[in-house]
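As structure tokens, the structure follows; a few thoughts come after it.
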Amino acid sequence: MNGAGVFLKRLYQIEAFVAAFAYALLAIAVFSDVVLREILSTAVLGTQRFAVYTSIIAGFLGVCLAAAGGMHMRPRVADNWLPTAWNPGINRASNLITSFIFTVAGYYAVLFWHTGFEMGDTAPVLDWPLWPIQIIVPYALFSTALRYLLFVIFPALSPESKEEK
Amino acid sequence: MSMLLLVAIIILLLVLRQNLVAILLVVAAYIHLVFGDGVLEYIIEDMYIAADKEVFLALPLFILCGSVMTRGAIAERLIEVIKSFTSPLPGGLAVTTILSCAVFAAISGSSPVTLLAVGSIMYPALVKEGYSKKFALGAVTSGGTLGIVIPPSIPMILYGIVTETSVVELFIAGIIPGILLTLVLSGYSLIVNRDLPRTPWDKSRIKAALKRGIWAMMMPVILLGGIYSGFFTPTEAAAVALFYSILIELFIHKEVTLKELYTIAVDTTKLFGTLFPLVAVAMSLNILLATQQVPDMVANWMTSIVDNRIMFILALNILLLIVGCFMDIISAILILAPVLLPAAVAYGIDPVHLGIIMVLNLEIGFLTPPVGFNIIVAMTAFKEKFSLIAKGVLPFIALMLVVLIFISLVPSVSMFLVR
């Protein structure tokens, strides 16, 4: 495996760990909210809000992980419109365009995040600053764009190539 | 001209094999630039706002819960309980398959998950007992679709999110249609297989199955009982069901280890990662369409060309059946539900009833080529030919169409428990 392959593997491991951790926190938060309410007749303020933020983190990291696994839904209706012999080239072009789209989306995500940072947006009920949570949006979009770009440069790393093998 | 250019861009993106998230992002950007205010930052802002809702929490929790149950022994033990009761019936194993799909549907919320969990056990069993391969494939593939009709249902949650309709009311409205479909499919299975040999009642087998399956049987009771009694919200019910399933799989069934739970969580995150951006971008697009009053324009156009309610319902069903052939249920609901809702309301159709009609139509889409997601899942899981599975599901599709027309034209079937 080349350097890019090792990098993508490590990136996947880190993102998977953080996403699974966020997922666990989300489940624990919602479950503890029910237990506290129904059994102890009490509540911790903001538990649902906290769960929503963990869901946002898990969801956006899921975008990166799904890209790594080639799991994003793709309409296949036009797959046979071009000659099969062109497939390797089309796949590279496809990854390049996807990378570009996610990069542009990432740029606008940075603007969105920066606006929130400048305005000092805070989480309702919890009163936490939102920028540390919202930074996941540009991160996930850029990480996904980077993955697709590496699939263009090293086609063997792309999930389509692994499937074909 | 602008619309033609948009269609051309979409076709180009399809030819260039772009995924749905990328296509929706480009479509949203185009609409913002050409028809809207041109501020693309709003797409990201709307995506974030869409994800920043409590109702969104039900999705990852139900997906995770379904994954834990599929890897563990809950499905196998539920099937054994149902089998012990239905084996004396003619075609008992076929009825077991449909009922098992229905019961598993009541805890999973997903069609492919139900198909895989029940089908992987029941398909070999049906073939071994002398049922034709065609029927067996038809039964497990069609029965799997009950996963999205019988609540809890992930497509119903999505419909609730994008149309701001009560998820609890949608779940309640799905009960009678789900039971009706189960009865019709079970009845057909009984009639077709009436000549197959029966197994006599075996009290000791029933007792043993109940003893082994008691923890698994409590699952739908906790989940649905909690939601319908108002004890839990759907999100809370999903969290309780998740913890319950983890506890019984770890400590009672001992079929799942802690290490496997981590793998399940990562796999589920990937699955959620495919849904999450779709819902977020679609919501962003829907906010934009609503700002441009597109759903109202569609409603006005439809009311001008279709002059009565029944014609509208028939046209709606035909449209959704065609859409179901070419589009997956998630994309169809996210894109069409907000557009169709104002038109349906203009004809006096309750948003909850529309949700049930949409889910039933798109459920059939799981079985119709060329997309036919359940057929593809069954092909991969059972290593059988597409044509054989497609032939097997045909009679089931015909029955589902009859039920669909009945439920579409008689709203009280769905709405009886809601009101």
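Below, the figures for the structure above:
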read-out: Cβ charges +1 (Lys, Arg) and -1 (Asp, Glu), total dipole of chain B, debye; value: 1900
read-out: Shielding by partners - mean other protein chain Cβ count within 10 Å, residues of B:7-15; value: 3
read-out: Karplus-derived 3J(HN,Hα), 6.51/-1.76/1.60, for each residue of the range B:400-411, Hz, glycine and proline x; value: 5, 5, 4, 4, 4, 4, 4, 5, 5, 7, 10, x
read-out: Cα-centred dipole magnitude for the range B:101-239, charges only on beta-carbon of K, R (+1) and D, E (-1), debye, nearest 20; value: 800
read-out: Contact order relative to length of chain B, as percent, for alpha carbon pairs under 8 angstrom and 6 or more apart; value: 24
read-out: Within 10 Å of each Cβ in B:59-67, the average number of Cβ atoms from other chains; value: 3
read-out: Packing-based order for A:109-116, A:32-39, using average beta carbon neighbours within 10 Å, highest first; value: A:109-116, A:32-39
read-out: Cα lying deepest toward the dipole's positive end in the protein assembly as shown, options B:Val294, A:Tyr23, B:Val352, charges on Cβ; value: A:Tyr23
read-out: Neighbour-count order for A:Thr42, B:Thr96, fewest beta carbons within 10 angstrom listed first; value: A:Thr42, B:Thr96
read-out: Relative contact order %, chain A, counting alpha carbon pairs below 8 Å whose residues are six or more apart; value: 27
read-out: Cα long-axis angle, helix B:373-382 against chain B (0 to 90 degrees, to the nearest 10); value: 40
read-out: Two-site FRET efficiency, B:Leu319 against B:Val410, from Cβ-Cβ distance with R₀ of 25 Å, rounded to 0.05; value: 0.80
read-out: Mean separation of Cα contacts under 8 Å (6+ apart) over length of the range B:96-165, as relative contact order %; value: 45
read-out: Between the range B:248-278 and the range A:29-82, the Cα center-to-center distance that results, in Å; value: 13
read-out: For the protein assembly as shown, size of Cβ-based charge dipole, Lys and Arg +1, Asp and Glu -1, in debye; value: 2200
read-out: Backbone HN-Hα couplings from phi across the range B:232-244 [Karplus 6.51/-1.76/1.60, Hz, Gly and Pro as x]; value: 10, 7, x, 5, 5, 4, 5, 5, 5, 4, 5, 5, 4
read-out: Set of lysines with alpha-carbon distance to B:Lys385 below 19 Å, sequence-local pairs under 8 removed; value: B:Lys128, B:Lys133, B:Lys134
read-out: Cβ-derived FRET efficiency at R0 41 Å, B:Arg205 paired with B:Met1, nearest 0.05; value: 0.05
read-out: Amide H contacts of B:Gly91 (H built 1.01 Å from N, under 5 Å, at least 5 apart or other chain); value: B:Leu196
read-out: Protection-proxy order for peptides B:199-208, B:104-113, each taking the mean of Cβ atoms within 10 Å per residue, highest first; value: B:104-113, B:199-208
read-out: Computed [θ] at 222 nm, deg cm²/dmol, chain B (DSSP H ≥ 4; -39,500 (n - 2.57); rounded to nearest 500); value: -25500 deg cm²/dmol
read-out: Residue exposure sequence - B:Ile172, B:Ile376, B:Ile305 - by fewest surrounding Cβ within 10 Å; value: B:Ile305, B:Ile376, B:Ile172
read-out: Whole-Hz ³J(HN,Hα) from phi, Karplus 6.51 cos²θ - 1.76 cosθ + 1.60, for the range B:48-65, glycine and proline x; value: 5, 4, 4, 7, 8, 10, 4, 5, 5, 4, 4, 4, x, 5, 5, 5, 5, 4
read-out: Label point distance in nm, A:Ala156-A:Leu96, each placed 7 Å from Cα along Cα→Cβ; value: 2.1
read-out: Cα-based reach from B:Lys203 at 17 Å (exclusive), listing lysines while leaving out same-chain residues under 8 positions away; value: B:Lys83, B:Lys211
read-out: Helix B:154-163 axis, angle to chain B major axis (alpha carbon atoms, nearest 10°); value: 20
read-out: Residues B:Met297, B:Met400 arranged by fewest to most Cβ contacts within 10 Å; value: B:Met297, B:Met400
read-out: Selection from B:Ser166, B:Pro151, B:Ser120 lying farthest towards where the dipole of the range B:54-207 points positive, charges on Cβ; value: B:Ser120
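FYI, it's all coordinate maths here, none of it is from the lab. The structure presented is a predicted model; accordingly, all values stated were derived computationally and were not measured. Cβ sites come from the backbone with ideal geometry, for glycine too, and all protein chains shown count toward neighbours.
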